[in-house]
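Chemist: Take this structure first; my questions come after.
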Amino acid sequence: RPSSFDVVLEPFTAEAFARRVTESGAGIGPLGIAFAPDGQTIHVSGGAGRNELYTLDRAGRPLNPDPLAGLQQGVGLPLATLDVPIYDMTFDSLGQFWATTGGQGLVQLDPATGEVIASFATGVTLGLATDPNSPLLYLATASGVETFDTVARRFRPFSSTRVDGLAVAPDGRLWGTRWPDGAEVVRFDTRGRA
């Protein structure tokens, strides 16, 4: 399955995993990708309104195929088309499915149907990361980074540094990409200092 990239630098190789996610008006294809706890299901967000949720297996085959697509299957039909855009997604340590909405809040999704179960706050922007050892999510917000306890359903400030992407490393450290300044990857200490 040929890659969409014209150039791939050694020692890396690339091939297509899934194709035909409808692009948004800005020409942006898939946005969020989340791997279900079972390791077999992959959720992908995209679409014209950035609000469609697709499900694929580990080989990139759609779990909701489009019967009219034939061999040009791509990602199939959306599992759900939501009222909010989906920018990033993750499963927490308890197996709950979460997504950010570009400023409209944090949403909890039903992994079987893709529908919104609950919505929390506003100002939750793009980035989202799971602490694998606790029920905490790290969230990029309009005021910096906050944590959200998925059991207590409570937000807490963590850092005033604004980011758009977040990840937790295997050693438990939080990393982010600065926003709107960009061009900088930062590591946070336990006090939220970048």
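The values are calculated or read from the model by the stated rules, or taken from the named source; none is laboratory data. This structure is a prediction, so every number in the text was calculated from the model and none was measured. Neighbour counts are summed over all protein chains in view; Cβ atoms, including those assigned to glycine, are modelled from backbone coordinates with ideal geometry. Keep in mind that these areas ignore ligands, DNA and RNA; they rest on the heavy atoms of the full protein, side chains included. Shrake-Rupley method; radii C 1.70, N 1.55, O 1.52, S 1.80 Å.
Chemist: Of 192, 85, 97, which is farthest along the charge dipole of the chain in the positive direction, counting Lys and Arg as +1 and Asp and Glu as -1 at C-beta?
Modeler: Of 192, 85, 97, it is 192.
Chemist: Using modelled amide H (1.01 Å from N, peptide plane; none on Pro or chain starts), what sits under 5 Å from the amide H of residue 31, excluding residues fewer than 5 places away?
Modeler: Amide H neighbours of residue 31: 45, 46.
Chemist: Shifting gears a bit: Relative contact order for segment 111-194: what percent, with Cα pairs under 8 Å and sequence separation of 6 or more?
Modeler: Details: 164 pairs, mean separation 16.4, N = 84.
Relative CO of segment 111-194 lands at 20 percent.
Chemist: Evaluate the Kirkwood expression for the hydrodynamic radius of segment 80-171, namely the inverse of the mean inverse distance over all pairs of different C-alpha atoms, and round to one decimal in Å. Please list the in-between numbers first.
Modeler: Details: mean 1/r = 0.0774 Å⁻¹.
So the Kirkwood estimate lands at 12.9 Å.
Chemist: What residues have an amide H closer than 5 Å to that of residue 117, excluding those fewer than 5 places away on the same chain, when H is modeled at 1.01 Å from N in the peptide plane?
Modeler: Under 5 Å from the amide H of residue 117: 108, 109, 110.
Chemist: List, in order, the whole-Hz ³J(HN,Hα) value for each residue of segment 7-14 obtained from phi through the Karplus relation with A = 6.51, B = -1.76, C = 1.60 and θ = phi - 60°; use x for Gly and Pro.
Modeler: 10, 10, 7, 5, x, 7, 10, 9
Chemist: So how do 143, 45 rank on accessible area, 1.4 Å probe, biggest first, that is with the largest at the start?
Modeler: On the way: 143 75, 45 0 Å².
Result of the area sort, largest leading: 143, 45.
Chemist: Going from most exposed to least, what order do 125, 113 have by accessible area with a 1.4 Å probe?
Modeler: Working: 125 30, 113 60 Å².
Per-residue accessible area, sorted high to low, gives 113, 125.
Chemist: Please report Rg over Rh for segment 114-158, where both radii come from the alpha carbon positions and Rh follows the Kirkwood definition. Walk me through the numbers before you get to the answer.
Modeler: Numbers: Rg = 10.5 Å, Rh = 11.0 Å.
Radius of gyration over Kirkwood radius for segment 114-158 works out to 0.95.
Chemist: Could you give the Stokes-Einstein D for the chain in µm² per second, using the C-alpha Kirkwood radius, 37 °C, 0.692 mPa s? The partial results should precede the final answer.
Modeler: On the way: Rh = 17.5 Å.
In µm²/s, the coefficient rounds to 188.
Chemist: Would you mind telling me which residue in 42, 86, 28 has the biggest mean-square fluctuation in a Gaussian network model of the chain, where springs connect alpha carbons within a distance under 10 angstrom?
Modeler: So, out of 42, 86, 28, the one fluctuating most is 28.
Chemist: Moving on to the next point. Under a point-charge model restricted to the Cβ atoms of Lys and Arg (+1) and Asp and Glu (-1), what is the dipole moment magnitude of segment 34-157 relative to its Cα centre, in debye to the nearest 20? Could you put the intermediate results ahead of the total?
Modeler: Numbers: 6 positive and 12 negative charges, 30 e Å.
The calculation lands at about 140 debye.
Chemist: On the accessible surface of segment 1-96, probed at 1.4 Å, how many percent belong to carbon and sulfur atoms?
Modeler: 54
Chemist: Over segment 17-56, calculate the relative contact order: mean separation of alpha carbon pairs under 8 Å at least 6 apart, over the residue count, as a percent. Before the final figure, lay out each step's value.
Modeler: Details: 67 pairs, mean separation 14.2, N = 40.
Once divided by the residue count of segment 17-56, the mean separation gives 36 percent.
Chemist: If DNA, RNA and ligands are ignored and the probe is 1.4 Å, what is the ranking of 54, 87, 138 by accessible area, most exposed first? Could you put the intermediate results ahead of the total?
Modeler: On the way: 54 5, 87 55, 138 30 Å².
Ranking 54, 87, 138 by accessible area, largest first, yields 87, 138, 54.
Chemist: Let me ask another. Pairs of Cα atoms under 8 Å, at least six residues apart: use those to get the relative contact order of segment 10-164, whole percent. Let's see the in-between values first.
Modeler: Working: 385 pairs, mean separation 21.0, N = 155.
It rounds to 14 percent for segment 10-164.
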